[in-house]
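Note sheet for the following structure.
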Amino acid sequence: AAGVIQSPRHLIKEKRETATLKCYPIPRHDTVYWYQQGPGQDPQFLISFYEKMQSDKGSIPDRFSAQQFSDYHSELNMSSLELGDSALYFCASRNTGELFFGEGSRLTVL
Amino acid sequence: SQQGEEDPQALSIQEGENATMNCSYKTSINNLQWYRQNSGRGLVHLILIRSNEREKHSGRLRVTLDTSKKSSSLLITASRAADTASYFCATVPSGNTPLVFGKGTRLSVIA
């Protein structure tokens, strides 16, 4: 069965650079969530979209933005990267039931 | 964490033993879910228990929920080395609001 696809799986950036993470939800899932998980930390909710509109906002920094496109895929854009942005970024999708998570994108900021 | 606190933070047991992990949360909830995460991998949904349920079973998993104490426990019976992972509880405060995760328990099952 198709799962949530995230790309890239690994990304290395320098401080102050920008990065874009992509998420392709499970087909027919209309809701996408983004989470950030620092080393040894629990996942922190960043932002979510339902039917291409932002539905909830969590602890997403102002330097980050996200959107959901007409094909339901979502992108998380991160600018002016800081060392503390190094983390695993998870995308999850759902229709009416449980959340399904992707394998995550590991961002390392040097 | 904004919601769940898990106890213990780390647990090491022998294969065949039972593992119990606890989770406490702060606000009222719609449901509580448990997830498993292998190191550096994605989160896998294990089981969901609704606020009006007290206990639920799925294979070797048993989850209890005490809404009066705002706590839940996950019991893994007859543990296997392959159960080694981090386990997170996550709550849905209301409706379709996003999951709020606890800090997780790192379980090591020694063969």
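The values are calculated or read from the model by the stated rules, or taken from the named source; none is laboratory data. Computed from a predicted structure; not experimentally measured. For neighbour counting, all protein chains shown are included, and Cβ atoms are generated from backbone atoms with ideal geometry for every residue, glycine included.
Selection over the range A:25-45 of residues that are out of contact with any Lys or Arg (no Cβ under 6 Å at 6 or more places or on another chain), among the polar types (S, T, N, Q) and in a strand (DSSP E or B) gives a count of 3.
None of A:S55, A:S80, A:S65, A:S48 is over 13 Å from A:S105 (Cβ atoms), hydroxyl-bearing (S, T, Y), touching a residue at least 24 places away in the same chain (Cβ under 8 Å) and not in a loop (DSSP other than H, G, I, E, B) except A:S55. The requirement of being on the phi > 0 side of the Ramachandran plot and surrounded by 16 or more Cβ atoms within 10 Å (Cβ to Cβ) is fulfilled nowhere in the range A:49-68; no residue meets it.
Across the range A:71-102, the number of residues qualifying as within 15 Å of A:P8 (Cα to Cα) and more than 9 Å from every other protein chain (Cβ to nearest Cβ) comes to 10. The numbered conditions (1) under 28 Å from B:N31 (Cα atoms); (2) more than 15 Å from the chain's Cα centre (by Cα); (3) of a type in the set (A, V, I, L, M, F, W, C) are all true for A:L83 except (1). Under the condition of being more than 24 Å from A:I47 (Cα to Cα) and either within 12 Å of another protein chain (Cβ to nearest Cβ) or in contact with a Cys (Cβ under 9 Å, 6 or more places away or on another chain) (or both), the residues counted in the range B:99-111 number 2. Condition first: in a loop (DSSP other than H, G, I, E, B) and surrounded by 15 or more Cβ atoms within 10 Å (Cβ to Cβ). Can you find one or more residues in the range A:5-24 that meet it? Within the range A:5-24, not a single residue is in a loop (DSSP other than H, G, I, E, B) and surrounded by 15 or more Cβ atoms within 10 Å (Cβ to Cβ). Looking only at residues in the range B:60-98 that are within 10 Å of another protein chain (Cβ to nearest Cβ) and either farther than 14 Å from B:L46 by Cα or without any contact (Cβ under 8 Å) to a residue 24 or more places away in the chain (or both), the one that is surrounded by the fewest Cβ atoms within 10 Å (Cβ to Cβ) is B:N96. From the list A:D30, A:D42, the lone residue that is without any contact (Cβ under 8 Å) to a residue 12 or more places away in the chain and either at positive phi or within 12 Å of chain B (Cβ to nearest Cβ) (or both) is A:D42.
The criterion of at least 1 residues that are closer than 19 Å to A:Y33 by Cβ, of a type outside the set (S, T, N, Q) and at pLDDT below 95 is met, among strands (runs of 3 or more DSSP E) falling completely within the range B:1-82, by B:31-37, B:43-50.
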